[in-house]
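Peer 1: Please find one structure pasted underneath; my questions will follow.
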Amino acid sequence: MTVPALRQPRFLQLHQSDPAALRAELLTGLQAEPARIAPKYFYDALGSRLFDAITELPEYYPTRTEAALMAEHGPAIAQRVPRGATLVDLGAGNCEKAGRLFELLQPARYVAVDISADHLRHALHCLQRQFPALDMLGVGMDFSSRLDLPSEVGEGPRLLFYPGSSIGNFTPEEALVFLRQTHAAAQGGGLLIGVDLRKPLDVLQPAYDDALGVTAAFNRNVLLHLNRLIGSDFAVQDWRHIAFFNEAASRIEMHLEARRALTVRWPGGERRFASGERIHTENSYKYALADFQALLAAAGYRRIEAWTDARAWFATFWAEA
Ligand code: AVJ
């Protein structure tokens, strides 16, 4: 008896972090008025674990609402989505959400994209054991500034998958640029995307300022990450977590606020912060269903369809490229 050779996932690392460019970008943000740090810096090893913990908090509704909505409307979504497509998972992380879609959507190939191919190794090897016949590729690339999928993704219709409402970190103008890039990359397929919706303040606010202080730890941890990246001397105890809904901009804003007047130093520079001065660390936009639909149409998508949970807190859109 011959045992067929087991398929193995392939990996491709495209993004090479350039320490000088990274440093320059971070220092520009630190010296800006007001100071800012991009949300992608939340996700060092500890930050990624803290984010996973956030998703289990009673106050943080997006992850479980999206999961329930995908479970409920999965069959309807599957009716729209082409079979045998290449499922391209943008920001795959632990690949959990995509794994739940395989049976439903029957992709011919799975391409997991994350900033680092190394982050994907463990998850893809696990998934490959569960789905031995599926062709799998892990791609390490930074698509936050430009989505430029490599030719290794292959021919055939692509199903781009961008769950979790990460699109909310972009301004609507940036989101439109990004959606146009996904439209160009989808070649005859489409986009399945999770979007967090506007909702009452008493739901929104605690989701980003939970009673246990996990989101506060997640926000303040960015300073420890920065200390390692640029050699700064931020002391986390000097900084307070701030989160509020900016109604006019329809976004949650997160900031770190200096508890006292202080100076932060790094090799070659420093910045003074007044007491109460803030560093802007994240925007998380909340959309009206019709506004996001219009954004997808403006990006060139047609036959746009949305599913929401019963309370209309979260939406999953399918849009044909
Ligand atoms: C990963 C961007 C979807 O905006 O809800 C969670 C990040 N920040 N709590 C979000 C986050 C604070 C999250 N996204």
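Peer 1: Within the range 196-208, identify whether any single residue is more than 15 Å from the ligand (Cβ to nearest atom), surrounded by 17 or more Cβ atoms within 10 Å (Cβ to Cβ), within 21 Å of the chain's Cα centre (by Cα) and under 24 Å from Arg302 (Cβ atoms), and answer yes or no.
Peer 2: Checking the range 196-208: not a single residue is more than 15 Å from the ligand (Cβ to nearest atom), surrounded by 17 or more Cβ atoms within 10 Å (Cβ to Cβ), within 21 Å of the chain's Cα centre (by Cα) and under 24 Å from Arg302 (Cβ atoms).
Peer 1: If you scan the range 257-279, which residues turn out to be without any contact (Cβ under 8 Å) to a residue 60 or more places away in the chain, in contact with a Phe, Trp or Tyr (Cβ under 6 Å, 6 or more places away or on another chain) and either surrounded by 19 or more Cβ atoms within 10 Å (Cβ to Cβ) or basic (Lys, Arg) (or both)?
Peer 2: The one that is without any contact (Cβ under 8 Å) to a residue 60 or more places away in the chain, in contact with a Phe, Trp or Tyr (Cβ under 6 Å, 6 or more places away or on another chain) and either surrounded by 19 or more Cβ atoms within 10 Å (Cβ to Cβ) or basic (Lys, Arg) (or both): Ala258.
Peer 1: All but one of (1) assigned to a loop (DSSP other than H, G, I, E, B); (2) open to solvent by 20 Å² or more (accessible area, probe 1.4 Å); (3) within 16 Å of the ligand (Cβ to nearest atom) hold for Arg83, so report the exception by its number.
Peer 2: Here Arg83 meets the rest and fails (3).
Peer 1: Sort out which residues of the range 209-224 are touching a helix residue (DSSP H, G or I) at 6+ places or on another chain (Cβ under 9 Å) and open to solvent by 30 Å² or more (accessible area, probe 1.4 Å), and write them in order of number.
Peer 2: Of everything in the range 209-224, those that are touching a helix residue (DSSP H, G or I) at 6+ places or on another chain (Cβ under 9 Å) and open to solvent by 30 Å² or more (accessible area, probe 1.4 Å) turn out to be Asp209, Leu212, Ala217, Arg220, Leu224.
Peer 1: Follow-up. Taking the range 141-172, which residues are within 16 Å of the ligand (Cβ to nearest atom) and either open to solvent by less than 30 Å² (accessible area, probe 1.4 Å) or part of a loop (DSSP other than H, G, I, E, B) (or both)?
Peer 2: Once the filter is applied, which keeps residues that are within 16 Å of the ligand (Cβ to nearest atom) and either open to solvent by less than 30 Å² (accessible area, probe 1.4 Å) or part of a loop (DSSP other than H, G, I, E, B) (or both), the range 141-172 yields Asp142, Phe143, Ser144, Phe161, Tyr162, Pro163, Gly164, Ser165, Ile167, Gly168, Phe170, Thr171.
Peer 1: So, Ala310, is that one open to solvent by 40 Å² or more (accessible area, probe 1.4 Å), in a loop (DSSP other than H, G, I, E, B) and out of contact with any strand residue (DSSP E or B) (no Cβ under 7 Å at 6 or more places or on another chain) or not?
Peer 2: For Ala310, the condition - open to solvent by 40 Å² or more (accessible area, probe 1.4 Å), in a loop (DSSP other than H, G, I, E, B) and out of contact with any strand residue (DSSP E or B) (no Cβ under 7 Å at 6 or more places or on another chain) - is met.
Peer 1: How about the range 107-157: which of its residues are in contact with a Leu (Cβ under 6 Å, 6 or more places away or on another chain) and β-branched (Val, Ile, Thr)?
Peer 2: Within the range 107-157, Val111, Val113, Val139 qualify.
Peer 1: To continue, here is another question. Just to verify a result, which residue in the range 187-240, among those that are assigned to a loop (DSSP other than H, G, I, E, B) and of a type in the set (Lys, Arg), is farthest from Phe170 (Cα to Cα)?
Peer 2: Within the range 187-240, the match that is farthest from Phe170 (Cα to Cα) is Lys199.
Peer 1: Looking only at residues that are under 14 Å from Gln130 (Cα atoms) and of a type in the set (Gly, Ala, Ser) in the range 81-114, which one is farthest from the chain's Cα centre (by Cα)?
Peer 2: Among residues in the range 81-114 that are under 14 Å from Gln130 (Cα atoms) and of a type in the set (Gly, Ala, Ser), the one farthest from the chain's Cα centre (by Cα) is Gly99.
Peer 1: Hey, Gln187 hits all of (1) out of contact with any His (no Cβ under 9 Å at 6 or more places or on another chain); (2) more than 12 Å from the ligand (Cβ to nearest atom); (3) at pLDDT 95 or above but one; which does it fall short on?
Peer 2: With (1) out of contact with any His (no Cβ under 9 Å at 6 or more places or on another chain); (2) more than 12 Å from the ligand (Cβ to nearest atom); (3) at pLDDT 95 or above applied to Gln187, the lone miss is (3).
Peer 1: While we're looking at this one, here's another question. Going through the range 34-64 one residue at a time, which ones are in a helix (DSSP H, G or I), among the aliphatic types (A, V, I, L, M) and more than 12 Å from the ligand (Cβ to nearest atom)? Write out each step before concluding.
Peer 2: Initially, the range 34-64 is screened for residues in a helix (DSSP H, G or I), giving 39-42, 45-54, 62-64.
Now narrow it down to the ones that are among the aliphatic types (A, V, I, L, M): 45-46, 50, 53-54.
Across the range 34-64, the qualifying residues are Ala45, Leu46.
Peer 1: If you don't mind, there's one more thing I want to ask. Please find, among Glu253, Glu270, the residue that is modelled with pLDDT of 95 or more and either farther than 28 Å from Ala20 by Cα or within 15 Å of the ligand (Cβ to nearest atom) (or both).
Peer 2: Glu253 is the lone residue from the list that is modelled with pLDDT of 95 or more and either farther than 28 Å from Ala20 by Cα or within 15 Å of the ligand (Cβ to nearest atom) (or both).
Peer 1: What about Gly189, is it open to solvent by less than 10 Å² (accessible area, probe 1.4 Å) and either hydroxyl-bearing (Ser, Thr, Tyr) or touching a residue at least 40 places away in the same chain (Cβ under 8 Å) (or both)?
Peer 2: When the stated conditions are applied, Gly189 passes them.
Peer 1: Still on this structure, I have one more. Of everything in the range 48-77, what is open to solvent by less than 10 Å² (accessible area, probe 1.4 Å) and modelled with pLDDT under 95? Give them in sequence order.
Peer 2: Correct list: empty.
Peer 1: Sticking with this structure for a sec: Condition first: open to solvent by less than 60 Å² (accessible area, probe 1.4 Å), over 15 Å from Val222 (Cα atoms) and part of a helix (DSSP H, G or I). Now tell me which residues in the range 13-33 satisfy that.
Peer 2: The answer is Ala21, Ala24.
The values are calculated or read from the model by the stated rules, or taken from the named source; none is laboratory data. For clarity, every value in this text was computed on a predicted model and none was experimentally measured. Cβ sites come from the backbone with ideal geometry, for glycine too, and all protein chains shown count toward neighbours. Heavy atoms of the whole protein, side chains included, go into the accessibility calculation; ligands, DNA and RNA do not. Shrake-Rupley method; radii C 1.70, N 1.55, O 1.52, S 1.80 Å.
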